[in-house]
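Peer 1: Here it is, the structure, as structure tokens.
The values are calculated or read from the model by the stated rules, or taken from the named source; none is laboratory data. As the structure is a prediction and not an experimental result, all values here were calculated from the model. Please note: Cβ atoms are built from the backbone with ideal geometry, for glycine as well, and neighbour counts cover all protein chains shown.
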Amino acid sequence: MRLGRALFLALPLSFAFAGPIHASDSENIRAAMMKTWDKPEARLVVEPVVVVEGYAIAGWSQGDMGGRALLRSKSGAWDVILCAGDDLRKAELLVKAGMSEAAARQLAADLSKAEAVLPKARLALLSKFEGLVMIDPAASHAPHGHPSHAPKP
């Protein structure tokens, strides 16, 4: 099984986070991901997070694995709708995922700017995710078996 597919078989698909009223979307996404996967023995790093018109891309790494998640805000919760590596940097993919062309171009541009300041080693981790995994947020289920390199719920 490819690393990317194995990872998303283990992920809860919806992040409901009732953060402070003043918390930004990126802070809410980061806090929810940290609450779900960060462990003392496997620290999760969520950076960068960019948000445009109810969609977000969050770069993540945990140990020697990493990738990017595309999220959508719905009813106060952030749902992961797909995960990939470098493909999530392309506006064309974001349009196929449901974004307007203008919003997709803006999100891709914002991601490019945010990633331009990252160390090369961090950027390489975000590119490690293999393939593209579409997620159906309505099919959310409890996590089950996962490889040791995946974020641990």
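Peer 1: Among (1) modelled with pLDDT of 95 or more; (2) touching an Asp or Glu at 6+ places or on another chain (Cβ under 9 Å), there is one condition Leu71 misses while meeting the rest; what is its number?
Peer 2: (1)
Peer 1: Now, a different point. Output the residue which, of all residues in the stretch 33-43 that are more than 15 Å from Gly59 (Cβ to Cβ) and not charged (D, E, K, R), is farthest from the chain's Cα centre (by Cα).
Peer 2: Per the criteria, the residue is Pro40.
Peer 1: Looking at Arg89, Arg72 in this structure, which one is in contact with a strand residue (DSSP E or B) (Cβ under 6 Å, 6 or more places away or on another chain) and of a type in the set (D, E, K, R)?
Peer 2: When all the criteria are applied, what remains is Arg72.
Peer 1: Being at pLDDT 80 or above and within 16 Å of Ala84 (Cβ to Cβ) narrows it down to one of Pro40, Pro48, so name that one.
Peer 2: None of the other options fit; the residue is Pro48.
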